[in-house]
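Engineer: One structure coming up, written as structure tokens, with questions to follow.
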Amino acid sequence: MVVVQGNRNVTVSQLHSNFAEIQSELKRVLDGINSGQILESFDILSKVTDAVVVSCEALGLASELPVVETFHRDNFWRALNQCWLVALQNVSAARSDEDRLREEHIVHLQTSVVQWADALAKFGLVDYEMGFWETDIMDSLDSILKTQRSETTS
């Protein structure tokens, strides 16, 4: 079966492969977080999120095509967002000082989150169950930044 996305044909097999690769990368992020590799994990998570945003239409995440429903878009978005939130809840688990998220990393992540949300807004995929949870992610980043700033002034 072929899904037509704009001028591009995407097979269901290709979609399955793309989503499997994304899920594999999200698992790598969580495994890295669990082992204290915070910076590397956020690098992977940022690259995955960027790829999802850039390829949103090609992945069928911005459409209501029935064939795409076989991928459970809502579950996909929930998994991506929860990966972000779990990773952010565990930033203090860095295995070394070199693996810590510093203020400049957090500010860069904030900028990226805003850019991703701006790109996804045209599809109505921001701050809804099926879409990117910009507000929740930004709230977590803001909280981490405030905590870090209060620790450095103490």
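Engineer: Using a 1.4 Å probe on the protein chains only, how many percent of the accessible area of segment 69-154 belongs to carbon and sulfur?
Structural biologist: On the way: 2310 of 4740 Å².
That fraction is 49 percent.
Engineer: Please work out how much length the chain gains when fully extended from D43 to H72, using 0.36 nm per residue of separation minus the C-alpha to C-alpha distance, in nm with one decimal.
Structural biologist: Numbers: separation 29, 0.36 × 29 = 10.44 nm, distance 2.58 nm.
Computed gain between D43 and H72 is 7.9 nm.
Engineer: Let me check something: with ligands and nucleic acids excluded, how do H72, H105 order by accessible area (1.4 Å probe), largest to smallest?
Structural biologist: Numbers: H72 100, H105 60 Å².
Highest to lowest solvent-accessible surface, that is H72, H105.
Engineer: Can you list which of the GluC sites (Glu not before Pro) found in segment 45-154 are DSSP loop residues with at most 16 other C-beta atoms within 10 Å? Provide the component values of the computation, followed by the final result.
Structural biologist: Numbers: sites: E57, E64, E69, E98, E103, E104, E129, E134, E151; in loops: E57, E64, E129.
Those satisfying the criteria are E57, E64, E129.
Engineer: Now, a different point. What accessible area per residue comes out for the chain, rounded to a whole number of Å², with a 1.4 Å probe?
Structural biologist: Working: 8350 Å² over 154 residues.
Value for the chain: 54 Å² per residue.
Engineer: Report the full-extension gain for the segment M138 to A121: residue separation times 0.36 nm, less the Cα-Cα distance, to one decimal in nm.
Structural biologist: Values: separation 17, 0.36 × 17 = 6.12 nm, distance 1.55 nm.
So the extension gain works out to 4.6 nm.
Engineer: Quote the FRET efficiency, to the nearest 0.05, computed for D97 versus K27 with a Förster distance R0 of 30 Å and r equal to the Cβ-Cβ distance. Can you show the working numbers first?
Structural biologist: Numbers: r = 26 Å, r/R0 = 0.87.
Efficiency computed from Cβ-Cβ geometry: 0.70.
Engineer: Counting only helical runs of four or more DSSP H residues, what would the 222 nm mean residue ellipticity of the chain come to if each run contributes -39,500 (n - 2.57) and the total is spread over all its residues?
Structural biologist: Numbers: 5 runs with 96 residues, N = 154.
Rounded to the nearest 500, the figure is -21500 deg cm²/dmol.
Engineer: Any chance you could tell me what percent of the C-alpha pair distances in segment 69-108 go past 16 Å?
Structural biologist: Tail of the P(r) past 16 Å holds 52 percent of the pairs.
Engineer: State the extension gain, in nm to one decimal, for the chain segment bounded by Q14 and V86, taking 0.36 nm per residue of separation less the distance between their alpha-carbons. Spell out each step's value before the answer.
Structural biologist: Details: separation 72, 0.36 × 72 = 25.92 nm, distance 2.85 nm.
Computed gain between Q14 and V86 is 23.1 nm.
Engineer: What's log10 of I(q)/I(0) for segment 97-138 at q = 0.26, 0.34 Å⁻¹, Debye sum over Cα points only, no solvent?
Structural biologist: Calculated log10 I(q)/I(0) at the listed q: -0.83, -1.12.
Engineer: Next up: Please report the orientation-averaged projected area of segment 50-144, defined via the convex hull of its C-alpha atoms, in nm².
Structural biologist: 6.4 nm²
Engineer: Here's a follow-up. For a quick check of understanding: with a 1.4 angstrom probe and all protein chains in place, what accessible area in square angstrom does D139 have, to the nearest ten?
Structural biologist: Around 90 Å² of this residue is reachable by solvent.
Engineer: Let me ask another. Report the trypsin sites (Lys or Arg not before Pro) located in segment 81-122 that are in a DSSP loop and have at most 15 other Cβ atoms inside 10 Å of their Cβ, or state none. Mind showing how you got there, number by number?
Structural biologist: Numbers: sites: R95, R100, R102, K122; in loops: R95, R100, R102, K122.
Passing both the DSSP loop test and the Cβ count: R95, R102, K122.
The values are calculated or read from the model by the stated rules, or taken from the named source; none is laboratory data. None of the values given here were measured: they were computed from a predicted structure. Cβ sites come from the backbone with ideal geometry, for glycine too, and all protein chains shown count toward neighbours. When the accessible area is computed, the model is the full protein with side chains, heavy atoms only, and any ligands, DNA or RNA have been set aside. Shrake-Rupley method; radii C 1.70, N 1.55, O 1.52, S 1.80 Å.
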